[in-house]
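The values are calculated or read from the model by the stated rules, or taken from the named source; none is laboratory data. Please read all numbers here as calculations on a predicted model, not as lab measurements. Don't worry about glycine lacking a Cβ; one is built from the backbone with ideal geometry, like all the others, and counts go over all protein chains shown. Please note that ligands, DNA and RNA were not included when accessible areas were found on the heavy atoms of the full protein model with its side chains. Shrake-Rupley method; radii C 1.70, N 1.55, O 1.52, S 1.80 Å.
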Amino acid sequence: MRVALVTGGTAGIGAATAEALLAADYRVAVNYGGNQPAAEAFTARTGIAAFAWNVADAAACTAGVAEVEAALGPIEVLVNNAGITRDVMLHKMSAQQWREVIDVNLGGCFNMCRAVIEGMRERRFGRVINMSSVNGLSGQAGQTNYAASKAGLIGFTKSLALEGASRNITANVIAPGYTDTAMVSAVRPEVMEQILKTVPVGRLASPAEIARAVVFLAADDAGFITGITLSINGGKYLD
Ligand code: CAA
């Protein structure tokens, strides 16, 4: 059984991903940032162990990976899903709102990949799946910070794909569209109504509709799929 770790894995797309990997016979652990009651409820419901640390903190990632590996074994599938928004137009954005988003969404990916990559290279197997966003491809007013972080993940992933290719390590991006999660619920209803009009499929994605693509990319026989960005956005942005 392969071992998978999903960051930001106790809610939303991360939780659906962890459950889908469990159903596909992976040994799964999730990381979460700080909402302990939600994590305990998730573990009680699914049986999946949840580990708390901040992905923006490099030392915490190293320690967290060591803890997960001691419990489950070497991490073979890493899903960098943890992400935050601080939506505000650039002319009102603080340096802190910029930094927080870059540090979690993009810095977190670096920190987590850095913590697992040497082991993956030694074992000559790895699957890294990074959660970007349609808005990293299309841009979105109010999200210069978030879109920059999500676009940054794409360049990061393509480079890691090239580095890992000779070691049977793939790195891919999933770019979800607007999905039925707490992050999207936080958008004002009248703003969301306008956004939904731009989605040809006419609804939000369910987290499970994103998770199924993670399982696809994580598979042993997905070794020839590397460096891609897989859009799952209901037709909102076709690149
Ligand atoms: N394009 C261009 N301009 C826009 C715009 C748009 N889509 N939306 C708003 N504006 C302009 C308005 O016209 C207005 O301009 P004026 O000042 O010249 O009149 C100005 O921006 C301010 O608009 P608001 O009244 O909405 O300003 P606000 O400060 O109350 O809110 C906001 C700004 C928080 C960014 C709000 O517009 C918003 O929430 N937008 C949606 C952002 C979004 O889609 N976030 C996605 C979150 S989910 C996610 O990120 C998951 C994922 O990956 C998809």
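Filtered by the rule that a residue be within 16 Å of Glu100 (Cβ to Cβ) and among the basic types (Lys, Arg), the stretch 132-170 gives a lone residue, Lys150. The single condition from (1) free of Cβ contacts under 8 Å to residues at least 60 places away in the same chain; (2) part of a loop (DSSP other than H, G, I, E, B); (3) among the β-branched types (Val, Ile, Thr) that Val28 fails is (2). Being assigned to a helix (DSSP H, G or I), surrounded by 22 or more Cβ atoms within 10 Å (Cβ to Cβ) and touching a Pro at 6+ places or on another chain (Cβ under 8 Å) holds for only one residue in Ala39, Ala20, Ala16, and it is Ala16. When you check Ala82 against the structure, is it under 23 Å from Arg212 (Cβ atoms) and either out of contact with any His (no Cβ under 7 Å at 6 or more places or on another chain) or at pLDDT below 95 (or both), yes or no? Considered against the rule, which asks whether it is under 23 Å from Arg212 (Cβ atoms) and either out of contact with any His (no Cβ under 7 Å at 6 or more places or on another chain) or at pLDDT below 95 (or both), Ala82 comes out as yes. Would you mind stating whether Ala213 is buried (at least 20 other Cβ atoms within 10 Å of the Cβ), within 15 Å of the ligand (Cβ to nearest atom) and of a type in the set (A, V, I, L, M)? So Ala213 does not fit the description; no. Residues in the stretch 42-92 that are under 19 Å from Thr181 (Cα atoms), part of a helix (DSSP H, G or I) and either within 16 Å of the ligand (Cβ to nearest atom) or open to solvent by 60 Å² or more (accessible area, probe 1.4 Å) (or both): Arg45 only. Scanning the stretch 177-232 for residues that are basic (Lys, Arg) and closer than 26 Å to Leu78 by Cβ gives a single hit, Arg212. Residues that are among the charged types (D, E, K, R) and at positive phi are absent from the stretch 165-181 altogether. If the condition is being part of a loop (DSSP other than H, G, I, E, B) and within 9 Å of the ligand (Cβ to nearest atom), then the stretch 118-148 contributes Ser132, Ser133, Gln140, Ala141, Gly142, Gln143. Beta carbons closer than 8 Å, at least 6 apart along the sequence or on distinct chains, pair a first residue in the stretch 158-171 that is open to solvent by 60 Å² or more (accessible area, probe 1.4 Å) with a second that is part of a helix (DSSP H, G or I) for Arg167/Met120; Arg167/Arg121. Taking each residue of the stretch 173-198 that is more than 8 Å from the ligand (Cβ to nearest atom) and looking for partners that are open to solvent by 90 Å² or more (accessible area, probe 1.4 Å) and not polar (S, T, N, Q) with beta-carbon atoms closer than 8 Å, six or more apart or interchain, yields Leu196/Arg203. In the stretch 121-157, the residue that is nearest to the chain's Cα centre (by Cα) out of those that are surrounded by 23 or more Cβ atoms within 10 Å (Cβ to Cβ) and among the hydrophobic types (A, V, I, L, M, F, W, C) is Met131.
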